[in-house]
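Engineer: Starting off with a structure, shown below.
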Amino acid sequence: MSTIKKIVTLIREEGIREFARSISWQVRSRLALLRLTVVLARFRDQVTFSVDEIEASFIADDPASIARTQNRLRSEGDMLRDLLDELEEDDVFYDVGANTGLYTCFAAKKIPRGTVVAFEPYPPNIDELERNAALNSENITVLGVALADESDTVKISTPETPTPGHGTASMTADGGADIRAVRGDELVTDGTVPAPTVVKIDVEGAEPLVIDGLAESLSDSRCRLVYCEVHLPSSAPRGSIHSHGVDTSEMVVRLEGMGYSVERYEEGGDRFVLKARQES
């Protein structure tokens, strides 16, 4: 029997009032089910990415943020894979400039018996980073600070609309938001964090400041590997190493002076990655 014939039969047998009441109940039931589905979807609002056999989950309630994570995974996938291959089960991994936790979460899955320390100063990123960390592992410590060569209050450039996943905040001499900056070596000395064995640095031009503030820890033979993304002058010159009075050769010299052999690992327009391995 067609739907139209069913409706006509129902009206004839039960009357138009009962028919309308039946339709109203069905509509309300379907709306209630839809609302329940939406609520449940919010609790499951996450996405899982994989790199080889390692999987990590990320909060996906902000479409723009998860799109940025996907873009970073595409553009930095080779570097991330290389880093994961280098990690050992008892490593202490520093993710300096962690953003919302792409490297942090994958590293934590690779070294469940190790320790991951994620440094991120931008408040919307910190919130999502903490939530992503909680989704993946208990061996992650999130510190909402910037690493620099001095412990002080500094300014970073921020977008007009606060948004998680923003990855171009750079330390500036004027304007922007106040954040707390800390010398990494101080955090190691006072016992806040253990000394690193592997470090990844991506801080939009402030890489020299991070290295200077971690000089003792990086010079320690326990730290065997550093990945440092170097930002060159571009459309945003304040977000480059040149804005801090350092050029590429000086970056290499600093790492070599700490006992590392250095190679350019990855080229990418106005940035490249230095991969530094402790020679001792």
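Engineer: Using the structure shown, decide if Ile126 is on the phi < 0 side of the Ramachandran plot and without any contact (Cβ under 8 Å) to a residue 24 or more places away in the chain.
Structural biologist: Yes.
Engineer: Name the residues in region 43-102 that are among the aromatic types (Phe, Trp, Tyr) and part of a strand (DSSP E or B), would you? Lay out the reasoning, then the answer.
Structural biologist: Kept after step one, since they are among the aromatic types (Phe, Trp, Tyr), are these residues of region 43-102: 43, 49, 58, 93-94.
Within region 43-102, Phe49, Phe58, Phe93, Tyr94 meet the criteria.
Engineer: Could you list, in sequence order, the residues of region 183-220 that are surrounded by fewer than 24 Cβ atoms within 10 Å (Cβ to Cβ), of a type outside the set (A, V, I, L, M, F, W, C), modelled with pLDDT of 95 or more and in a loop (DSSP other than H, G, I, E, B)?
Structural biologist: Asp190, Gly191, Thr192, Pro194, Thr197, Asp220
Engineer: Is one or more of the residues making up region 130-143 in a loop (DSSP other than H, G, I, E, B) and under 15 Å from Arg180 (Cα atoms)? Don't jump to the end; show me each part of the working.
Structural biologist: In the first step, residues of region 130-143 are kept if they are in a loop (DSSP other than H, G, I, E, B); the result is 137-139.
The next check asks that each one be under 15 Å from Arg180 (Cα atoms); those that pass are none.
So far as region 130-143 goes, no, none of its residues is in a loop (DSSP other than H, G, I, E, B) and under 15 Å from Arg180 (Cα atoms).
The values are calculated or read from the model by the stated rules, or taken from the named source; none is laboratory data. Because the structure is a prediction, the values reported are computed rather than measured. All Cβ positions, glycine included, derive from the backbone under ideal geometry; neighbour counts span all protein chains shown.
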